[in-house]
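Following: one structure in structure tokens, then a few remarks.
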Amino acid sequence: MTREARERGAYIFDAHAGVVGVDLETCSAADLKHFGAWAYAMHRSTRVWVMSFAYFRRGKPASAVLRWYPGEPAPPELLDFLRAGGQLLAHNAAFERAIWSNILEPRYGFPAVGLDQWLDTQAVGCELNLPRSLEGLAVALGTDVQKDKQGAALMRRLAKADIDEAGDVVYPTCTAEDIERLSLYCDDDVLAMGDAWDRMDPLPLAEARLWELDKRVNSRGVFLDQDYAKRVRKLARLRVERLKEAAQIATFCEIPNAVAPPKLKKWLKSRGVDLPKTRKKNSKGEWYIAESTDKRALEEILGRADLPADVR
């Protein structure tokens with residue numbers, strides 16, 4: 001899409017008649033699964049490659065899929081739509097909302113978007129007992145555009161950055177062709193999502209309120225007394241040290257602490273303790289029987305009435 005075609009008025013999105021579907025492709029040294037969406041979006045290495053968006057009305061063909069790249073002005077048609085109270089549609093909207101709030105707003109001057117302005121095809125699909133993933137949802141609903149499996153491999157490569165020994169972020173190398181291919185992948189996600197939205201009824205009012213409450217609670221976060229938490233952690237460490245010392249005294253230093261499995265097993269057997277048996281699987285996937293000192297096994301041992309005092 002040329003910049004001339006993106007001038008104000010080139011596209012008009014009616015905030016009262018439809019929604020704008022958005023999808024973002026990002027890159028970060030943070031692992032999304034470990035960090036969660038909000039912390040991922042706040043990480044210093046996280047950046048946006050492209051945002052694709054399109055206007056959808058129920059029962060009507062989608063508008064052209066438009067794109068925004070970092071460094072460009074915020075799309076005027078999207079700004080007008082949001083200022084008029086329009087709603088954004090995303091699949092697993094928590095991710096797009098986190099990127100919007102922590103990157104698009106502070107870095108690129110995008111307007112704030114209220115919780116009530118977000119819609120989520122994942123939430124609607126889950127309420128209908130449909131697959132959580134966009135790929136599975138698109139297959140289940142038979143959308144005209146399906147998830148781009150070939151583009152997914154490129155997306156995964158371009159999504160991961162590294163931090164070198166000097167602490168600098170190293171982003172994956174890519175060409176203009178890579179960015180275009182990634183953008184096409186992003187476009188398809190928007191179209192598949194918009195088609196899925198059109199094929200599903202909206203969330204019932206009670207479910208919609210529950211979804212909004214969930215997002216509000218997660219946005220607020222958990223209020224934590226950090227001083228108290230630090231004191232409790234200090235007490236826990238002291239307790240561990242005392243238990244470690246007690247284990248060394250009880251075993252005449254044969255085991256360094258009470259949770260060293262190999263030495264603990266050997267010492268318990270030397271004291272005549274019959275260790276519980278458990279089924280385990282080896283590297284070949286074969287099951288075998290082994291002696292255990294896991295949590296359940298220790299609970300069983302401690303339940304025995306004839307246990308020597310030093311062992312207990």
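The values are calculated or read from the model by the stated rules, or taken from the named source; none is laboratory data. Nothing here was measured: the structure is a model prediction, and the numbers come from that model. Every residue, glycine among them, receives a Cβ derived from its backbone with ideal geometry; neighbour counts consider all protein chains shown. Just the protein is used for accessible areas: all its heavy atoms, side chains included, with ligands, DNA and RNA removed. Shrake-Rupley method; radii C 1.70, N 1.55, O 1.52, S 1.80 Å.
If you go through the stretch 211-238 and keep only what is open to solvent by 100 Å² or more (accessible area, probe 1.4 Å), under 29 Å from the mean Cα position of the chain (by Cα) and among the hydrophobic types (A, V, I, L, M, F, W, C), you end up with Val222, Phe223, Leu224. Scanning the stretch 276-291 for residues that are surrounded by 10 or more Cβ atoms within 10 Å (Cβ to Cβ) and more than 33 Å from the chain's Cα centre (by Cα), we see that the one that is farthest from Lys265 (Cα to Cα) is Thr278. Every test in (1) in contact with a Phe, Trp or Tyr (Cβ under 8 Å, 6 or more places away or on another chain); (2) in a loop (DSSP other than H, G, I, E, B) is passed by Leu130 save one, and that test is (1).
Applying the criterion of being more than 21 Å from the chain's Cα centre (by Cα) and touching a residue at least 60 places away in the same chain (Cβ under 8 Å) to the residues of the stretch 173-186, the residue that is most open to solvent (accessible area, probe 1.4 Å) is Ile179.
Here's the yes/no breakdown for (1) among the hydrophobic types (A, V, I, L, M, F, W, C); (2) open to solvent by less than 40 Å² (accessible area, probe 1.4 Å); (3) more than 22 Å from Leu184 (Cα to Cα); (4) in contact (Cβ under 8 Å) with a residue 12 or more places away in the chain:
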residue: Ile12; (1), (2), (3), (4): yes, no, yes, yes
residue: Asp23; (1), (2), (3), (4): no, yes, no, yes
residue: Phe35; (1), (2), (3), (4): yes, no, yes, no
residue: Tyr40; (1), (2), (3), (4): no, yes, yes, yes
residue: Arg67; (1), (2), (3), (4): no, no, no, yes
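Scan the stretch 207-231 for residues that are free of Cβ contacts under 8 Å to residues at least 40 places away in the same chain and closer than 16 Å to Glu127 by Cα and jot them down.
Of all residues in the stretch 207-231, those free of Cβ contacts under 8 Å to residues at least 40 places away in the same chain come to 208-210, 213-214, 217, 220-231.
Passing the criteria: Ala208, Arg209, Leu210, Leu213, Asp214.
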